[in-house]
1. Report relative contact order for chain A in percent, whole number only (criteria: Cα-Cα under 8 Å, sequence separation at least 6).
2. Kindly flag which residue pairs out of A:LYS138/A:LYS515; A:LYS307/A:LYS411; A:LYS5/A:LYS485; A:LYS158/A:LYS415 have an alpha-carbon separation exceeding 24 Å in this structure.
3. Sorting check: for A:13-26, A:401-414, which peptide has the highest mean count of neighbouring beta carbons within 10 Å, and how do the rest follow?
4. Tabulate in residue order the Karplus-calculated ³J(HN,Hα) for the range A:298-306, using 6.51 cos²θ - 1.76 cosθ + 1.60 with θ = phi - 60°, rounded to whole Hz; enter x for Gly and Pro.
5. Roughly how many debye, to the nearest 20, is the charge dipole of the range A:1-90 about its Cα centre, given +1 on each Lys and Arg Cβ, -1 on each Asp and Glu Cβ, and no other charges?
6. Can you tell me, using C-alpha contacts under 8 Å and at least 6 residues apart, the relative contact order of the range A:19-178 as a whole percent?
7. What ranking do A:305-311, A:247-253 get when scored by the average of other Cβ atoms within 10 Å per residue, highest first?
8. Calculate the dipole size of the range A:413-568 relative to its Cα centre from +1 charges on Lys and Arg beta carbons and -1 charges on Asp and Glu beta carbons; express the result in debye to the nearest 20.
Amino acid sequence: MRFSKMLLPTLKESPADADVISQKLMIRAGMIRKVAAGIYNLLPMGLRVIRNVEDIVRSEMDNAGAQEVQMPVVIPAELWKESGRWDEYGKELLRVRDRHDREFCLGPTHEEVITDMVRREVRSYRELPLNLYQIQTKFRDEIRPRFGLMRGREFVMKDAYSFHATDESAELEYQNMHRTYSRIFERCSLEFRAVEAETGAIGGRFSHEFMVLADTGEDAIASCSVCSYAANVERAEVRPSQPAPRKEEPRTIERVSTPGKKTIEEVSAFLKAAPQKLIKTLIYETDKGVVAALVRGDFDLNEMKLKRALDASFVRLADEETVKKATGAPVGFAGPVNVKARVIADFSVRDIENGVTGANEADAHIVNVNPERDFSAGYADIRNAVEGDGCPRCNGTLGIKRGIEVGHIFKLGTKYSVSMGATFLDEAGKERPLIMGCYGIGIGRTAAASIEQNHDDFGIIWPKPLAPFGCEVVPVNVNDEEVKKAAEGLYDSLIGMGIDTLLDDRDERAGVKFKDADLIGIPVRVTVGEKNLKQGLVEVKERRGGKVSLVKMNDTANAVRLILSEKA
RNA sequence: CGGGGCGUAGCGCAGCCUGGUAGCGCACCUGCUUUGGGAGCAGGGUGUCGGAGGUUCGAAUCCUCUCGCCCCGACCA
């Protein structure tokens, strides 16, 4: 490709509304342009990268025994009503009507459509298992799209769905996909971790997320320094601390006036007590009744864990009225002592000595509170993990890192097959619901994550498997006939070797071309300049690491090929 | 949806408070010089000041409504 012919509008400045590095660089490098909030055009440079990701995904999925299909973007409402998600999914589901006033939605995910496809065609256990995937544009009407391709409303996703006769078969495919995803992200040269995750609205029993490690990631993940345990902090378990020997003499409980001091910070500052001494009391409404949930003042409650500990189907922070009924006080002064609710406490509360908590009375707290002596509670792990917590699997400690979720694998079970009547006949001739799995990869997000991990002050540093071109040839001055001829010759021989090459044939100053080359991040740059050319030499520079070598004209194409065959 | 902010040239912004000829840098076009890390000089403005209404002799500027976008939060792959 010739730079002069390519729609490749590079920018010196990044637009004001870009706020992560991958988004800035994608815009500056002429890969993407915004059309509307969370909706982008992919320019030629951007599409090349996306295609590379897709090709890797496709080849590994095919290798793993999955078959590619394509499902529609526009989906009739009936399918979503059958599964029950038409009402559950909320405003993220973009609903439209056709000219006959029939209802449709733009597919944010395709469980319904695939389940419908399979129930029509599959009758017998002999046709199972089956893994079908597509690479398709999805639409989710995000509340707040941001970060360019990382959280758009319209985005390209690879989604696969597997169908099984038995749990064992579903389990095997889950492991198969786990391995396949690892291979895919390895081939993309990404530094990632597979972590245990919550299942969210899609449902199912458990899941793994594939997280690319990056400081700008939207998710926090906890991982053990010793063993392989890693989990989304939403889910990460915390090893309960061993009950410590008492350090303080229990003192007499005492009520103190704390006018207007409601938050942990306010109370802590007012009473000059460390947040670790405070017992944070949160009143929740649940289907199991009103609950007072306790965590140590410096920790955050985890609602998912609370829900699981209570075996509740919903938990919701109580409104003012409920709080008043349970505690007799306005919000901000709740405590476990004499509260009219079931009390559940995090393990971290167990070791608090002479602690501080709300008095269940306006503008008052009580001090010298000691668990067991002053109140009783059921103990469970109900807080978010933090840096330094004990690993639940071994005696290592957890560290917290940030990650970008690029893949997610679920065991769906029979949620959709039961609600939509997708059944098969087993060996005994008995009708049973299909057991399903679901496996997604964000294609655009993967490309963006790669930039988050691979860039410097000058621009993108593409790993070779994702790079839009393998090599860029830069004639320093296209008005010099010798230089021009040499560059053209090199360009032809590189192309002849099957190396995707960009020739910067623009009549621009050398500095401009170098800056653009660094910005767009092609792995190898071949510079053709007058002085070196007089000795039959050109300069070969690697974008990553910046290694420069002078190479004889005739050896150049081979030298480039050699560099491209190296890893990363 | 709650809170905050912004819409002025292709991009980044100033002008608005205190109404009176629409500006700066980059980009772009022409010419000359320059030519290995975002060149210099000279010339050129490419704009419904987001839109609609109002106040006024006069509105980018003041008022009302509206649309779009961004940031923080709750939600989510």
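Read-outs: derived from the displayed coordinates by stated rules, not from any lab. What you see is a predicted model, and the numbers here were worked out from it, not measured in a lab. Cβ placement follows ideal geometry from the backbone for every residue including glycine, while neighbour counts extend to all protein chains displayed.
1. Working: 1213 pairs, mean separation 92.1, N = 568.
Across chain A, relative contact order equals 16 percent.
2. On the way: A:LYS138/A:LYS515 35 Å; A:LYS307/A:LYS411 20 Å; A:LYS5/A:LYS485 18 Å; A:LYS158/A:LYS415 21 Å.
Cα-Cα > 24 Å for A:LYS138/A:LYS515; rest within.
3. For the peptides A:13-26, A:401-414, the packing ranking is A:401-414, A:13-26.
4. 8, 10, 10, 6, 10, 5, 4, 5, 4
5. Values: 12 positive and 12 negative charges, 166 e Å.
Around 800 debye, computed over the range A:1-90.
6. 26 percent
7. Listed from highest to lowest mean packing, they are A:305-311, A:247-253.
8. With Lys and Arg at +1 and Asp and Glu at -1, about 420 debye.
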